[in-house]
Amino acid sequence: MEPTDTHRAIDAVWRIESPRLIAGLTRIVRDVGVAEDLAQDALLAALEQWPTSGVPDNPGAWLMAAAKHRAIDHFRRNQRLDRKHEELGREGIIQKIGTREVRAGEAPMDELDAALDDDVGDDLLRLVFISCHPVLSTESQVALTLRLLGGLTTDEIARAYLVQEPTVAQRIVRAKRTLSEARVPFEVPRGAELAARLSSVLAVIYLVFNEGYAATAGDNWLRPALCEDALRLGRILAELAPQEPEVHGLVALMEIQASRSRARVGPSGEPILLLEQNRAHWDQLLIHRGFAALKRSEKMRLEKLRSKGIRAGKTAGLRGPYVLQAEIAACHARARTPEETDWTRIVELYGELAQIAPSPVVELNRAVAVGMAFGPAAGLELVDKLTSEPALEKYHLLPGVRADLLKKLGRLQEARGEFERAAAMTRNVRERALLLDRAQSCTAN
């Protein structure tokens, strides 16, 4: 294997394994910043050794073993430092390894070895709640969790969150420093604290899922490992907070969207758009799981309404953004063919979503639905109103949607220009090729 091929393999392994690696190390060292440093040391070791020795059969285990040795060295250095402090007359220095307090001078290496060999368990979930701790701003929570659990670069996070890359980098550095200084415990919150921190966690999990569902950059359109991690975290959350409609709504949304994964790429990895997908390839098990989660969400919603003395009926009370997006996904899942899609209902759902969670992206999606339900001219009218939105200035889907509507209206030269503009803005190789092909098709017609 050529070194360049090995480096690509290392990058792919890191994307998949780094969240578990950092989560497991955080459980031991109790400091997110230190855990990430140790994981990065393991990555450097891989970059040094794998080009000559080859990628191991179990690269995740190799990285964890390398990180474990570095963690042991880290604690030994700290112990030597503590002993030196004691010699200088400083007393009472205490380290914590796992759940046991270890006084300076002791040798906790056996406990450390055993702890690092434990199954990861729910470490990823604990890491999500640390990243979403209220000592951090919402923006920092999102950036840090995407970095630690999504394995995303600062550039990818910036594009996913529509902010500048230096801003994201600063948020991540400050967030890790804040968590370290606050000595945030590595645990899943309970009771009222769980409810208070839930909305941030849901937002982060869905952003991680979206990066797996449609990668912002790189050679691949899909990153299935991210979708799987997000789904796992969502399902665990549904067990932890079974009375929360939005948790079940997010799970429903992810299950239904994930059901399309096999149909979303062609034989060579090229993207296949929703209306062109072979729906026979949609995963019916995931669809049924999504419908079941949506049903649980509605049950919880009605119970909450009754507990507040509100009559059920068609009241939209307590129906949050994830439930509404899951309802939209369900409209697509129920349609056996694209022509059977209830676009009018989807327009209504986007309208309701815009009321409770207004954003330019929601309006853009609503414009697509309006174009399908009432014709491309109606959709284009809404899209044109969004062209001056600062948040969409570098959002490639805005010119992409506009191009599609222009093409349907027969305005091919304009459509070609918009497709090319969208292609220039995207950082995903597969998506760029698709957009350029669509631009070329405007000339062919």
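Here is how the numbers come out for the structure above:
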{"item": "The range 418-430, subset open to solvent by less than 30 Å² (accessible area, probe 1.4 Å) and not hydrophobic (A, V, I, L, M, F, W, C), residue farthest from SER268 (Cα to Cα)", "result": "GLU418"}
{"item": "Test: residue in the range 319-331 that is out of contact with any helix residue (DSSP H, G or I) (no Cβ under 7 Å at 6 or more places or on another chain) and without any contact (Cβ under 8 Å) to a residue 24 or more places away in the chain", "result": "no"}
{"item": "Unmet criterion (only one of (1) aliphatic (A, V, I, L, M); (2) buried (at least 19 other Cβ atoms within 10 Å of the Cβ); (3) under 24 Å from ALA217 (Cα atoms); (4) within 29 Å of the chain's Cα centre (by Cα)) for ALA439", "result": "(4)"}
{"item": "Qualifying residues in the range 153-206 (those that are under 16 Å from LEU127 (Cα atoms), modelled with pLDDT under 90 and of a type in the set (Lys, Arg)) - the one surrounded by the most Cβ atoms within 10 Å (Cβ to Cβ)", "result": "ARG197"}
{"item": "Hey, HIS281 touching a Lys or Arg at 6+ places or on another chain (Cβ under 7 Å), open to solvent by 50 Å² or more (accessible area, probe 1.4 Å), free of Cβ contacts under 8 Å to residues at least 60 places away in the same chain and not polar (S, T, N, Q) or not", "result": "yes"}
{"item": "Residues (in contact (Cβ under 8 Å) with a residue 60 or more places away in the chain and in contact with a Lys or Arg (Cβ under 6 Å, 6 or more places away or on another chain)) located in the range 133-161", "result": "GLY151"}
{"item": "Hits in the range 366-417 (condition: within 23 Å of the chain's Cα centre (by Cα), free of Cβ contacts under 8 Å to residues at least 24 places away in the same chain and buried (at least 20 other Cβ atoms within 10 Å of the Cβ))", "result": "ARG366"}
{"item": "Number of the condition not met by PRO321 [criteria: (1) under 25 Å from VAL204 (Cα atoms); (2) surrounded by fewer than 21 Cβ atoms within 10 Å (Cβ to Cβ)]", "result": "(2)"}
{"item": "Index of the failed condition, PRO134 passing every other in (1) open to solvent by 30 Å² or more (accessible area, probe 1.4 Å); (2) outside any loop (DSSP other than H, G, I, E, B); (3) modelled with pLDDT of 80 or more", "result": "(2)"}
{"item": "Any hit, the range 16-38, residues being at pLDDT 85 or above and open to solvent by 60 Å² or more (accessible area, probe 1.4 Å)", "result": "yes"}
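The values are calculated or read from the model by the stated rules, or taken from the named source; none is laboratory data. Treat the numbers as computed from the prediction; the structure is a model and nothing was measured. Every residue, glycine among them, receives a Cβ derived from its backbone with ideal geometry; neighbour counts consider all protein chains shown. For the accessible areas, the whole protein counts, side chains as well, though only heavy atoms, and no ligand, DNA or RNA atoms are used. Shrake-Rupley method; radii C 1.70, N 1.55, O 1.52, S 1.80 Å.
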